[in-house]
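Asks: I have a structure here, written as structure tokens, and I will follow up with some questions on it.
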Amino acid sequence: MSAVLPDPQPYHFTAFDAGLESSPAPPANGADAGDDPSPAPDAADEVRAELQPRLDALAAEVAALEAERDALRAELDAARSEAEAAQTVREASDRVSLLWTETLAALEPRLAALAVDVAERVLAAPLTAEARAAADRAIADAVDRLAADCPVTVRLHPVDLLHLQESGLADTLSATHPRLRWEPDAALAQGDWTAASEDAEIHRIAAATFADLKDHLGLTT
């Protein structure tokens, strides 16, 4: 008699290199683009350096689990040649399945928390050109959706408003929607914004988004 053992694919942990790009620091006040300032710290490298020990610890736990699973499978192979192999195989198989299920259940919230932590740190880093362009498109889309026949107010960090003015997007949207108002708000983090009309509001507030995500995942303390 033979038993079919679960053969779950183990978790594989890799460094969080993809998508962690840091944008170059702007030149210091008074310096022009031709100067050669000291390189700014790499935010992606700092995130990887801080989170790698946690990844290594999780990988070690999975490796220990796989070793115990292999040892139990070895017991199964030995038991098959004995008269009482059927009962031994069933018990060992149940132990493997239970151990794997319990371990995965314990690892999943920790992996979710780690993923959220990485995302928070990436968003807190200086915006890349691609990320800033995506934010500009999101603001433009929000204004187009809200500014039918009513005034719309867009609040954002002064640095972000200056960027929109320098890029020409603020003037373009204002020309298209004459009742559009821009309000700099230093209380907002860079990259955050709200667009509100009399009847609706669209916003991108990273802290609130991550708070909702953590609550949904049961990661709040």
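Asks: If VAL143 satisfies every condition in (1) surrounded by fewer than 16 Cβ atoms within 10 Å (Cβ to Cβ); (2) at pLDDT 70 or above; (3) outside any loop (DSSP other than H, G, I, E, B) but one, which is the exception?
Replies: With (1) surrounded by fewer than 16 Cβ atoms within 10 Å (Cβ to Cβ); (2) at pLDDT 70 or above; (3) outside any loop (DSSP other than H, G, I, E, B) applied to VAL143, the lone miss is (1).
Asks: Tell me, yes or no, whether segment 196-205 has at least one residue that is more than 25 Å from the chain's Cα centre (by Cα), surrounded by 14 or more Cβ atoms within 10 Å (Cβ to Cβ) and over 16 Å from ARG137 (Cα atoms).
Replies: yes
Asks: Could I ask something else about it? Filter segment 155-201 down to residues that are under 13 Å from ALA135 (Cα atoms) and assigned to a strand (DSSP E or B), then give me how many there are.
Replies: Total meeting the criteria: 4.
Asks: Determine which member of the set THR101, THR88 is in a helix (DSSP H, G or I) and at pLDDT below 80.
Replies: Only one candidate qualifies: THR88.
Asks: What about PRO151, is it more than 29 Å from the chain's Cα centre (by Cα), more than 13 Å from ILE139 (Cα to Cα), modelled with pLDDT of 80 or more and surrounded by 13 or more Cβ atoms within 10 Å (Cβ to Cβ)?
Replies: yes
The values are calculated or read from the model by the stated rules, or taken from the named source; none is laboratory data. It should be emphasised that the depicted structure is a prediction, and the values quoted were computed from it without experimental measurement. Cβ atoms come from the backbone with ideal geometry, glycine included; neighbour counts cover every protein chain shown.
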